[in-house]
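The values are calculated or read from the model by the stated rules, or taken from the named source; none is laboratory data. Predicted model, so just to flag it, every value in this text is computed and none were measured. In this analysis, Cβ positions are derived from the backbone assuming ideal geometry, glycine residues included, and neighbour counts consider all displayed protein chains.
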Amino acid sequence: MHNNLIILAGGASSRMKKPATSKNLNSNETEQANNRSKSLISLDNSGRPVLDYLLFNAKKAGYKNIYIVINEKGGLFKEFYGSKDKNNPFNGLNISFPVQYIPANREKPFGTADALLQAVEQFPELNNQFYTVCNSDNLYSTKALHLLKETDYKNAFISYNRDTLEFPLERISKFALTKLNERNELVHILEKPSELDVPNFYDREQKLRVSMNIFKFEGKEFYPFLKNCPVHPTRNEKEMQTALLNYITETDNKVVGIPLSEHVPDLSSKDDIAIVKAYLKKNYTTLDWNA
């Protein structure tokens, strides 16, 4: 059991800034999509960011300490969630802001492993604790967050049944496939698999399991693999999946896939805005933080 949730929100939001193929956006949503981090776009009548919904689910799941990893231009996060660098009270949560700085020789952030590394180096207490880490543009359910908070496994991730994700097949086919052994321990994770790779990843129930980038780690054991994560030769980033694979191959530590069959709303591009907006309207009548 632990109380720490790290939310990665320092990315460049490059896909969100590309033109939409649909015409379901109003001018305000388009303006926000072009100028804000994805998780700060407002999709309801409150004017509040969509990130509120992830934080709401985190609170319901029992998390207390929230670390939102922002970039150097992430001042708008502080306008919504507290002006201090750490320990901002927000509806019963304690919110801090690690910053993912961009190296001098780069224009974009250096990837998810780098974001997590900078977070745990700026808040070193995390390296002596357990924590959950996830994306800011996925709306993970209270159940998913609670499963990782309460699991006895030192390292774990939510292993989603690919059949229950409500995305077009072309999009789903690019999600990271996970291969588990008979004890649900991670053996391999493959980003952007090809059709030829797919038959090798069916589990014993003949299901394909994918990672939606939500993990629990033991900080002390995982830190060296973040620190020494190599740069991906094609994507030129330090990726969490690379650190994770090195972790399970170079140590005796296990990372267990916790199976879950449900959809995960994803706000990656302008075309997702209307879809996520409809999902929120259907599933959240209001955010009662005191319930």
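One table, with the values for the structure above:
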quantity	calculated
Any hit, the range 82-102, residues being in contact with an Asp or Glu (Cβ under 8 Å, 6 or more places away or on another chain), buried (at least 20 other Cβ atoms within 10 Å of the Cβ) and under 12 Å from Ala9 (Cα atoms)	yes
Single residue of the range 1-46 satisfying the filter (hydroxyl-bearing (Ser, Thr, Tyr) and crowded, with 16+ Cβ neighbours inside 10 Å) that is farthest from the chain's Cα centre (by Cα)	Ser42
Single unsatisfied condition, Tyr223 versus (1) under 30 Å from Leu40 (Cα atoms); (2) assigned to a helix (DSSP H, G or I); (3) at pLDDT below 95	(3)
Asn57 over 21 Å from the mean Cα position of the chain (by Cα), of a type outside the set (Asp, Glu) and not in a strand (DSSP E or B)	no
Residues of the range 73-97 satisfying the condition of being without any contact (Cβ under 8 Å) to a residue 40 or more places away in the chain, assigned to a loop (DSSP other than H, G, I, E, B) and not polar (S, T, N, Q)	Lys73, Gly82, Lys84, Asp85, Lys86, Phe97
Close pairs (9 angstrom Cβ cut-off, 6 or more residues apart or separate chains): in contact (Cβ under 8 Å) with a residue 24 or more places away in the chain in the range 27-40, in a helix (DSSP H, G or I) and β-branched (Val, Ile, Thr) anywhere	Glu29/Ile273; Thr30/Ile273; Ala33/Ile273
Residues of the range 137-149 satisfying the condition of being crowded, with 24+ Cβ neighbours inside 10 Å and among the hydroxyl-bearing types (Ser, Thr, Tyr)	Tyr140
Scope the range 257-278; condition under 19 Å from the mean Cα position of the chain (by Cα), acidic (Asp, Glu) and part of a helix (DSSP H, G or I); matching residues	Asp272
Ala243 vs. criteria assigned to a helix (DSSP H, G or I) and under 19 Å from Leu165 (Cα atoms)	no
Residue satisfying all of: in the range 226-240; surrounded by 17 or more Cβ atoms within 10 Å (Cβ to Cβ) and assigned to a helix (DSSP H, G or I); modelled with the lowest pLDDT among these	Met240
Candidate set: the range 35-54, residues that are of a type in the set (S, T, N, Q) and part of a helix (DSSP H, G or I); chosen: the one nearest to Leu116 (Cα to Cα)	Ser39
Lone qualifier among Leu244, Leu208 - being crowded, with 17+ Cβ neighbours inside 10 Å, within 30 Å of Glu121 (Cα to Cα) and modelled with pLDDT of 95 or more	Leu244
Residue match in the range 274-291 (condition: at pLDDT 95 or above and within 28 Å of Tyr153 (Cα to Cα))	no
One residue from Lys216, Lys254 being at pLDDT 95 or above and within 17 Å of the chain's Cα centre (by Cα)	Lys216
Residue count, the range 41-64 (criterion: at positive phi and at pLDDT 95 or above)	1
Residues located in the range 103-136, provided they are surrounded by fewer than 16 Cβ atoms within 10 Å (Cβ to Cβ) and hydrophobic (A, V, I, L, M, F, W, C)	Ala104
